[in-house]
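Take a look at the structure set out below.
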Amino acid sequence: MIRKTRLFTPGPTPLLPAAQFAMAAADMHHRTPEFRALYQKVLAQLKVFVGTKNDVLLLSSSGTGAMEASVSNLTSPGDRVLVLTAGKFGERWVDLAKAFGCQVDVLKAPYGQTFDLAEVRKALKPEHRALFVQATETSTAVRHDVEALARLIQEVSPETLLVVDGITGLGTTHFDVDGWGIDILIGGSQKAVMIPPGLAYLSVSDKAWAAMEKSKNPRYYFDLRKERKNAVKGESAYTPAVALIAGLGAALDYIAGQAGGDLEKGRIALVNNAQVNAAATRAGLVALGFTLFAPTSPAAAATAVAVPEGMDSSDVVKALKTRFASVIANGQGEMKGKLFRVAHLGFFDFLDTIALLGAMEHIAKDTLKLPVQYGQAVAAAQQVYADAVKN
């Protein structure tokens with residue numbers, strides 16, 4: 001049997017063909033009018049994609065580079081910060097803040113759960129320079145309520161900066177960046193914008209720019225003030241990832257094209273697409289007898305699924321790849337072997353969801369020995385899709 005490789009991982013995600021073509025043709029020098037025009041166009045598109053009037057910057061790095069930049073540009077050694085953590089990427093905020101000498105107060109939620117807002121209220125203090133959180137905790141497929149956190153900051157500690165890792169949240173979650181008061185929102189190229197890893201982007205509020213002038217932490221490559229100054233001229237501070245930027249421009253054009261050339265509407269359609277596919281996937285896997293790992297606050301970027309007691313999620317990951325060349329993600333760290341994760345962000349459509357669930361019916365029946373009737377997962381997903389189209 002012919003097997004077509006399909007990625008269902010929450011990054012890297014499937015590549016957009018138009019972006020691949022654009023990257024292959026991107027042989028321009030980065031200090032030329034041709035590149036400056038492309039760079040300024042992409043920065044303008046990113047503002048629409050993020051949904052903000054704030055500055056949006058591009059960095060040639062993974063999303064973690066933008067996370068580091070957020071800490072180093074906004075804080076000074078000894079500053080007190082609050083980190084909300086419920087998984088491996090929340091723990092990364094803790095490590096980054098400690099690396100730059102911050103006094104880190106940590107509020108934890110169990111893996112698979114989100115935060116109790118009453119507990120956040122107790123933990124948040126006016127002396128906190130910043131609150132760091134994920135929009136989506138990719139390691140557990142949990143969505144955190146960024147809007148509620150933003151309201152809480154405005155009420156309890158309005159000088160505290162809200163810094164959000166939206167690396168898998170952007171393109172899968174609706175944000176009102178300016179209305180809510182998100183000071184920094186971070187995205188990554190290998191997620192919803194459908195190109196390879198290597199670019200990070202982030203929106204920066206006026207409040208955050210003001211804080212940077214007081215920060216005493218060292219920064220050089222990730223000095224956001226340099227990037228802002230150069231972006232006005234259509235340049236980056238250092239050598240940019242030219243081909244990736246060309247691919248990003250093509251991807252944003254594609255997203256706009258899905259809504260008649262309107263990028264804002266295209267962004268909304270992209271988010272809605274992820275949410276429908278996520279709901280259909282959850283319904284299908286539950287119909288097979290699986291248990292959702294994050295049932296109370298599921299993300300649209302990915303779905304985390306616990307395997308039945310006594311089974312190993314690695315067997316599901318390996319069987320899908322061996323039999324169907326479909327790649328899903330295992331659990332991370334202490335969750336390896338306990339859950340698997342299926343992504344829905346970026347260049348996925350409903351037929352991809354149907355294909356995965358059809359394959360999962362075989363894996364559940366043959367590998368996990370679950371009492372499966374062929375078609376039951378697909379039927380559950382079809383109903384979700386039909387309801388979404390109707391509504």
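What follows draws every value from the coordinates through simple rules; no lab data is involved. Just so you know, these numbers come straight off a predicted model, no measurement behind them. Here Cβ is always computed from backbone atoms with ideal geometry, including for glycine, and neighbour counts include all displayed protein chains.
In terms of the mean number of neighbouring beta-carbon atoms within 10 Å, the peptides 281-288, 175-182, 163-170 order highest first as 163-170, 281-288, 175-182.
Label-to-label distance, ALA386 versus ASP27, with points set 7 angstrom from Cα along the beta-carbon direction: 5.3 nm.
The stretch 215-287 and the stretch 164-194 have Cα centres spaced 8 Å apart. With just the Cα atoms defining each centre, how far is the stretch 46-74 from the stretch 97-155? Give it in Å. When both Cα centres are located, 19 Å separates them. Computed from Cα atoms, the angle from the helix 350-366 axis to the main principal axis of the chain rounds to 50 degrees. Counting beta carbons within 10 Å around each of PHE347, PHE340 and listing the fewest first gives the order PHE347, PHE340.
Counted by neighbouring Cβ atoms within 10 Å, the residues ILE245, ILE328 run from fewest to most as ILE328, ILE245. When the Gaussian network model of the chain links Cα atoms closer than 10 Å, the mean-square fluctuations of VAL156, VAL316, VAL50 top out at VAL156. List the residues of the stretch 191-211 whose backbone N lies under 17 Å from a point placed 7 Å from the Cα of TYR238 along the Cα-to-Cβ direction. Inside the label zone: 198-202.
This model, with +1 at the C-beta of Lys and Arg and -1 at the C-beta of Asp and Glu, gives the stretch 60-145 a dipole about its Cα centre of some 80 debye.
The order of MET212, MET1, going from fewest to most other C-beta atoms within 10 Å of their C-beta, is MET1, MET212.
Maximal additional length on extending the GLU213-ALA355 stretch stands at 46.0 nm, based on 0.36 nm per residue less the C-alpha distance. With contacts taken as Cα pairs under 8 Å at a separation of at least 6 residues, the chain carries a relative contact order of 23 percent. Multiplying the residue separation of ALA118 and ASP312 by 0.36 nm and removing their Cα-Cα distance gives an extension gain of 66.3 nm. Computing FRET efficiency as 1/(1 + (r/R0)^6) for ASP206 and VAL327, where r is the C-beta to C-beta distance and R0 is 56 Å, gives about 0.85.
Note on ILE268/GLN40: beta-carbon distance plugged into 1/(1 + (r/R0)^6) with R0 of 35 Å gives a FRET efficiency of 0.90. Cross-link check: pairs LYS98/LYS125; LYS98/LYS191; LYS47/LYS216 evaluated at a Cα-Cα cut-off of 22 Å; pairs beyond the cut-off: LYS98/LYS191; LYS47/LYS216.
Based on DSSP H segments of at least four residues, each scored -39500 (n - 2.57), the chain has a per-residue ellipticity at 222 nm of -13500 deg cm²/dmol. Starting from the Cα gyration tensor of the stretch 6-78, take the square roots of the eigenvalues, sort them a ≥ b ≥ c, and report rounded, prolate or oblate (rounded when a/c is under 1.5, otherwise prolate if a/b is larger than b/c, else oblate). Since a/c reaches 1.5 but b/c is at least a/b, the shape of the stretch 6-78 is classed as oblate.
Of (i) 0.98; (ii) 1.19; (iii) 1.05, which one was derived for Rg/Rh (Cα atoms, Kirkwood Rh) from the structure shown? Evaluating Rg/Rh (Cα atoms, Kirkwood Rh) on these atoms matches (i).
You can think of it this way: the chain between VAL106 and ARG228 has 40.8 nm of extra reach, that is 0.36 nm per residue less the Cα-Cα gap.
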